[in-house]
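Undergrad: Quick one: the structure is below, questions incoming.
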Amino acid sequence: MPKRTSLFLLLLIFSFITVLAQKSEISLARSYIRSGSDLDKAEASMRTLLNDSVNRSNIKIYVTLADAVRKQYDAANEKMYLKDNADTASFFSLSRNMFMTYEALDSVDATPNIKGVAKPKYRKKNAAFLNKYRNNLYRGGVFFMKKSDFEQAFQMLDTYVNCVRQPMFTDYNYKFSDSLCLSAAFWTMVCGYKLNNSDYALKYKNLILDNDSYRKKALRYLVEIYLQKEDTLSYVRILHKGFDMDKTSKFYFTRLVDYYNNNDKLDSALYIINSALAADPNNALFLAAKSSVLLNMGRYLDCIDASDKALAIDDDLPDVYFNAGISYFNLALLLEDDAKNYMANHEQILNYNRLALPYMEKYRQLCPTQRKKWVPSLYHIYYNLNMGPQFEEICKVVAELKQEAAK
């Protein structure tokens, strides 16, 4: 017998044996299903068959697998109904398993024929069946969230929302007919945030942001998610999006101003502050931020103006007192540095010191431990204004700081 013929026969025999073994496995699994016993074995044997790529187009395996999973769900559902030692977590997990199994069946069932036409045989019946139990996926997500099991919660809610995309549920138009769909999508974002998993958190981002009811809450989570992800461009973009929606929001305002300050983009920080003040001119927080930015820009007179406006609204802002005081002090130093005109500027130098004094002393009173901030300026002011007792006292503080630094 030629070798090629022998090889062909061996392959034919092997294929025949494989088909017989496959049929035997399916037959045994179906007997388990009919009896309602060993359903886990029926499921496991079908999944083992599907591990072999040769079997992945065999619709009978998927149907048998789906029936085995459905029977397990029915048994768990009955226990839940009768409250007979029901395992709630297991019940919800079985619900998801059933959906995943039927969706896999549908994908094979809808495989186009040789003419490129798909005629799914089981879709309509299976979709109608699953639709009755879909709410269990949402309930399961809520259940696991309350248990702080955010991984399981995400899987449940993800499967719930994913039904929108599944061809087998097209007739149900969940995207528009299901009021819980957006809620489930939003909670997947929360789960992703809790798990520090940006893929989870961002999966339904566009769906959520398209909705007015959830956009505001979602943007705040997105800020934290992009921060976790270290995606600076997206982080700043979302901050701007949130700020544009609500220019009086402290959440977006403080983060944007901090970002621009930390990256030495003071003009951008001032733009954000002025935009916020246009919406709320008497906001002490916004005016205090303006005071700090103007100080860092060296715009001392403008800083003093913003500081005074902030303190007129809230007189318990230590940093604002410092900003105004150090601005006056810096104006005096600028004149002192002009050696040629020192005598002409002398009276103005003293005046700036006098103006700085109450602000710096108030800052000292409010922040006594911040000695490195108020000691240098007060030392200089007391000296220039010839304030003997105060100068002697501040000299002692200077000596203490030197001793501490030497240790």
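The values are calculated or read from the model by the stated rules, or taken from the named source; none is laboratory data. Being a predicted model, the structure only gives us computed values, none of them experimental. Counting neighbours? That spans all protein chains shown, and the Cβs are built from the backbone with ideal geometry, glycine included. The protein model used for the area step is the full one, side chains on, heavy atoms only, and it has no ligands, DNA or RNA in it. Shrake-Rupley method; radii C 1.70, N 1.55, O 1.52, S 1.80 Å.
Undergrad: With every protein chain present, what accessible area does Ser268 have (1.4 Å probe, heavy atoms only), rounded to the nearest 10 Å²?
TA: 50 Å²
Undergrad: Going by Cα centres, the range 148-183 and the range 36-109 are how many Å apart?
TA: About 19 Å separates the Cα centre of the range 148-183 from the one of the range 36-109.
Undergrad: Just the number, please: Stokes-Einstein D of the range 291-342 in µm²/s, Kirkwood Rh from C-alpha pairs, 20 °C, 1.002 mPa s.
TA: The estimated diffusion coefficient comes to 190 µm²/s.
Undergrad: What does the charge count around Cys367 come to, taking other residues whose C-beta lies under 10 Å from its C-beta (Lys +1, Arg +1, Asp -1, Glu -1)?
TA: +3
Undergrad: Can you tell me which lysines have their Cα less than 26 Å from the Cα of Lys250? Leave out same-chain residues fewer than eight positions away.
TA: By straight Cα distance, Lys250 reaches Lys194, Lys205, Lys216, Lys217, Lys229, Lys241, Lys265, Lys290, Lys309.
Undergrad: Let me ask something additional. Sort all Cα-Cα distances of the range 171-271 into consecutive 5 angstrom bins from zero, then give the percent of pairs in each bin up to the one containing the longest distance.
TA: The percentages, shortest bin first, are 2, 13, 21, 21, 17, 11, 8, 3, 2, 1, 0.
Undergrad: For helix 318-336, what angle does its Cα long axis make with the longest principal axis of the chain, in degrees from 0 to 90 and rounded to 10?
TA: Computed tilt is about 50 degrees.
Undergrad: What is the angle, in °, between the Cα long axis of helix 39-50 and the longest principal axis of the Cα atoms in the chain? Nearest 10 is fine, range 0 to 90.
TA: With both axes taken from Cα atoms, the answer is about 90 degrees.
Undergrad: Same structure, new question: Taking 0.36 nm per residue of sequence separation and subtracting the Cα-Cα distance, how much length would be gained by fully extending the chain between Ile114 and Glu230, in nm to one decimal?
TA: Roughly 36.9 nm would be gained on extension.
Undergrad: Quote the Stokes-Einstein diffusion coefficient, in whole µm² s⁻¹, for the range 129-187, based on the Kirkwood radius over alpha carbon pairs, a temperature of 25 °C and a viscosity of 0.890 mPa s.
TA: Stokes-Einstein gives a translational diffusion coefficient of 214 µm²/s.
Undergrad: Run the numbers on the range 206-273 and let me know its relative contact order in percent, using alpha-carbon pairs under 8 Å that are six or more apart.
TA: It comes to 19 percent, rounded to a whole number.
Undergrad: Which residue fluctuates most in the GNM of the chain (Cα springs below 10 Å): Lys146, Lys194, Lys241?
TA: Maximum among the listed residues: Lys146.
Undergrad: While we're on this one: Specify, per residue and in Å³, the volume enclosed by the convex hull of the alpha carbon atoms belonging to the range 58-189.
TA: 114 Å³
Undergrad: Given a Förster distance of 60 Å, report the FRET efficiency between Arg47 and Asp244 from their Cβ-Cβ distance, rounded to the nearest 0.05.
TA: 0.75
Undergrad: Here is a further query. Once a ≥ b ≥ c are taken as the square roots of the eigenvalues of the Cα gyration tensor of the range 285-391, is the result rounded (a/c under 1.5), prolate (a/b larger than b/c) or oblate (a/b not larger than b/c)?
TA: oblate
Undergrad: For the chain, just the Cα set please: Rg and Dmax, both in angstrom.
TA: 36.1, 121
Undergrad: If the elastic network links every pair of Cα atoms under 10 Å, which of Thr64, Thr369, Thr170 fluctuates the most in the Gaussian network model of the chain?
TA: The residue that fluctuates most here is Thr369.
Undergrad: Straight-line reach from Lys247: which aspartates and glutamates fall under 18 Å, measuring Cα to Cα and dropping same-chain residues less than 8 apart?
TA: Asp212, Asp258, Asp267, Asp280
Undergrad: Taking the Cα atoms of the range 15-129, report the difference between the largest and smallest coordinate on each principal axis, in whole Å and largest first.
TA: 50, 32, 21
Undergrad: By how many degrees, 0 to 90 and rounded to 10, does the Cα axis of helix 181-194 deviate from the longest principal axis of the chain?
TA: So the helix axis and the longest Cα principal axis differ by about 60 degrees.
Undergrad: Another question about this same structure. With a 10 Å cut-off between alpha carbons and a GNM built on the chain, which of Cys395, Cys303, Cys181 moves the most?
TA: Highest fluctuation of the listed residues: Cys395.
Undergrad: Taking the inverse of the average 1/r across all pairs of different Cα atoms in the range 49-104, what Kirkwood radius in Å do you get?
TA: About 12.2 Å, per the Kirkwood formula over Cα pairs.
Undergrad: Continuing with the same structure: For the range 352-407: lysine pairs with Cα atoms under 19 Å, gap of 8 or more or different chains, count?
TA: 8
Undergrad: May I pose another question? In whole percent, what relative contact order does the chain give with Cα contacts below 8 Å and a gap of six or more residues?
TA: Relative contact order, the chain: 6 percent.
Undergrad: Can you flag which of Lys41/Lys125; Lys121/Lys203; Lys79/Lys124; Lys60/Lys124 are past 20 Å Cα-Cα?
TA: Lys41/Lys125; Lys121/Lys203; Lys79/Lys124
Undergrad: Compute the signed sum of charges (Lys and Arg +1, Asp and Glu -1) over the other residues within less than 12 Å, Cβ to Cβ, of Asn211.
TA: Neighbourhood net charge equals +3.
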